[in-house]
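Asks: Just passing along the structure, written as structure tokens.
The values are calculated or read from the model by the stated rules, or taken from the named source; none is laboratory data. Source: prediction; values computed, not measured. All Cβ positions, even for glycine, are placed from backbone atoms using ideal geometry, and neighbour counts span all protein chains on display.
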Amino acid sequence: MGEGAGGRSPLAPSPESHWQPPNIGSFSRRPISLREAKLDGKSQPLMKRLAILGSTGSIGQSALAVVAEHPQEFQVVGLAAGKNVGVLAAQIREFRPAWVSVQDEAAARELRETLGGFPRLEILTGREGAMAVASAPEADLVVSAMVGAVGLEPTLAAVEAGKTVALANKETLVAAGPLVMAAVAARGATLIPVDSEHSAIFQALEGQRREAVRRLWLTASGGPFWTWPAEKLAAATPAQALKHPNWAMGAKITIDSATMMNKALEVIEAGILFGLPVSRVEVFIHPQSIIHSLVEFVDGSVLAQLGWPDMRLPIAYALTYPRRLPLQGEPLDLGKVAQLTFERPDLERFPSLRLGYQAAEIGGTMPAVLNAANEMAVAAFLDGRLSFPGIPRVVEETMAAHSVLPLESLAQVLEVNDWARRHARTLIDRKAASATGF
Ligand SMILES: NC(=O)c1ccc[n+]([C@@H]2O[C@H](COP(=O)([O-])OP(=O)(O)OC[C@H]3O[C@@H](n4cnc5c(N)ncnc54)[C@H](OP(=O)(O)O)[C@@H]3O)[C@@H](O)[C@H]2O)c1
């Protein structure tokens, strides 16, 4: 990522230091907090108090599955969700949070009716509600797992409150990475990656010296269409795109995996989290999704993290870092995997990855535009209003129409996000109405 993009965090460590950015995970030198202090001469971690943003989603539910497996480790103090009232009500009954928020008043009314007055709790709504859950005074750690740029303000609220944030919501860092990292450092907050690729890199970097790193390698499954020719891609349907070969995830990220925009967002996310230009963040296709990512060092050594594709692993690591929790599940059996294969990405059939690198190199407000246009295009594809190749076309045309500015403030990011969404919607409407479609 170019300097203008803030691709290297302004607060990234000096080239001589260990891999211990003040703003991420802290690579095992973080002072032990009072809640983890020794009691009676023995190290007794107290329960970690969690707030989960996006609790009804794929990551939110996996996080709660980790909590349910280790009830002695965690207490859930806050849950924020959108409109899935049925799932949220069951979570409230099971985990008894003090803070709850939903997307709007209609969802709040429905939730009150579903809960039937039990347990008694105030239900917050909208942006303010999610921000209140994110900054709840009782929470030690906030899982940021809402989908899309709507997660930006609640994530920033958690950071502003000095929380440890287990970050799944990659759109936050893509849209406003340098601002988020500056706030992390200013508030003494901590970011720990949840994305499996970034968690793998985080794990491989532990204890390493910064100047020893040559490149980061992100792996990509290639999604459901990796082997499809361009002609067949032109007619790809939402149902086909939603069938990811390896991961069960929310709809938006599953479509992003099919276009490879997910990898583009992750390249930008990695540049910001680890303070490297994106020219040193490489991608290769690894259809088995067993190697979750790798770090290449200056001596040619490469360290990787492996495991079955199961988001409970990086989530649990983020929740208890630097400890590891035992998790139920089949141990990795490389004999069963038999083959690990690798290919170079194809930027012709999957132009979204190229657009991601371009947005990062241009920097400033451009990554926010890439992200916002993509959110609109994915929604239109899922609604049957845009073809599969139309997704990167809408993103590219929106980027081309944008006059890029240096990134300055949250208000500016929100404004640019709104502009890009409006512009993309106009393009989609025009194309949907035209005879040839898009
Ligand atoms: N799934 C994965 O394996 C995975 C892996 C790595 C990173 N991530 C990242 O993690 C994030 C979440 O992904 P996901 O797959 O868990 O998505 P998901 O299953 O679609 O869940 C999204 C969550 O966000 C909530 N939400 C959506 N709009 C909202 C709004 N306006 N206000 C409040 N809540 C809202 C949803 O609530 P309702 O459902 O109640 O409406 C749901 O709880 C994304 O940024 C994704 O890129 C996901």
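Asks: When you scan region 127-135, do you find a residue that is within 9 Å of the ligand (Cβ to nearest atom), in a helix (DSSP H, G or I), farther than 22 Å from Lys252 by Cα and without any contact (Cβ under 8 Å) to a residue 60 or more places away in the chain, even just one? Before you say what the answer is, go through the steps one by one.
Replies: Kept after step one, since they are within 9 Å of the ligand (Cβ to nearest atom), are these residues of region 127-135: 127, 129-130.
Among the residues that remain, those that are also in a helix (DSSP H, G or I) are: 127, 129-130.
From what's left, farther than 22 Å from Lys252 by Cα: 129.
Imposing the further condition that a residue be without any contact (Cβ under 8 Å) to a residue 60 or more places away in the chain reduces the set to 129.
Yes, because at least one residue in region 127-135 is within 9 Å of the ligand (Cβ to nearest atom), in a helix (DSSP H, G or I), farther than 22 Å from Lys252 by Cα and without any contact (Cβ under 8 Å) to a residue 60 or more places away in the chain.
Asks: May I ask you to say which residue of Ala98, Ala68, Ala81 is within 16 Å of the ligand (Cβ to nearest atom) and of a type in the set (A, V, I, L, M)?
Replies: Ala81
Asks: Among the candidates Glu122, Glu160, Glu105, which residue alone is more than 15 Å from the ligand (Cβ to nearest atom) and farther than 26 Å from Glu408 by Cα?
Replies: After ruling out the rest, the residue left standing is Glu122.
Asks: Leu88 passes all but one of (1) in contact with a strand residue (DSSP E or B) (Cβ under 6 Å, 6 or more places away or on another chain); (2) within 10 Å of the ligand (Cβ to nearest atom); (3) farther than 24 Å from Met261 by Cβ; (4) not in a loop (DSSP other than H, G, I, E, B); which number fails?
Replies: The failed condition is (1).
Asks: Let me confirm something: among Ala359, Ala380, which residue is more than 27 Å from Pro277 (Cβ to Cβ) and in a helix (DSSP H, G or I)?
Replies: Numbers: Ala359 fails: more than 27 Å from Pro277 (Cβ to Cβ).
Result: Ala380 is the single residue among Ala359, Ala380 that is more than 27 Å from Pro277 (Cβ to Cβ) and in a helix (DSSP H, G or I).
Asks: With respect to Leu427, determine if the residue is buried (at least 18 other Cβ atoms within 10 Å of the Cβ) and at pLDDT 95 or above. So that I can check it myself, show each step before the final result.
Replies: Working: buried (at least 18 other Cβ atoms within 10 Å of the Cβ): yes; at pLDDT 95 or above: yes.
Yes; evaluated as a whole, the condition is true for this residue.
Asks: Considering only residues that are of a type in the set (D, E, K, R) and not in a helix (DSSP H, G or I), which ones fall in region 385-438?
Replies: Arg385, Glu408
Asks: Does Glu138 satisfy being in contact (Cβ under 8 Å) with a residue 40 or more places away in the chain, among the acidic types (Asp, Glu) and more than 16 Å from the ligand (Cβ to nearest atom)?
Replies: So Glu138 passes the test.
Asks: If you don't mind, another one. For the subset of region 164-208 comprising residues that are away from the ligand (no atom under 16 Å from the Cβ) and either free of Cβ contacts under 8 Å to residues at least 40 places away in the same chain or in a strand (DSSP E or B) (or both), which member is farthest from Ala51 (Cα to Cα)? Talk me through it step by step, then tell me what you get.
Replies: So in region 164-208, the residues away from the ligand (no atom under 16 Å from the Cβ) come out as 164, 178-179, 181-190, 204-208.
Pick out the ones that are also either free of Cβ contacts under 8 Å to residues at least 40 places away in the same chain or in a strand (DSSP E or B) (or both) and you get 164, 183, 186-188, 190.
On the way: Thr164: 11, Ala183: 19, Ala186: 22, Arg187: 18, Gly188: 18, Thr190: 15 Å.
The qualifying residue farthest from Ala51 (Cα to Cα) is Ala186.
Asks: Something else about it: Do we have Gly151 as out of contact with any Gly (no Cβ under 9 Å at 6 or more places or on another chain), near the ligand (Cβ under 10 Å from one of its atoms) and part of a helix (DSSP H, G or I) here?
Replies: Judged against the criteria, Gly151 is not a match.
Asks: Listed residues Ala236, Ala258, Ala204, Ala212; which is at pLDDT 95 or above, surrounded by 24 or more Cβ atoms within 10 Å (Cβ to Cβ) and of a type in the set (Gly, Ala, Ser)?
Replies: Ala258
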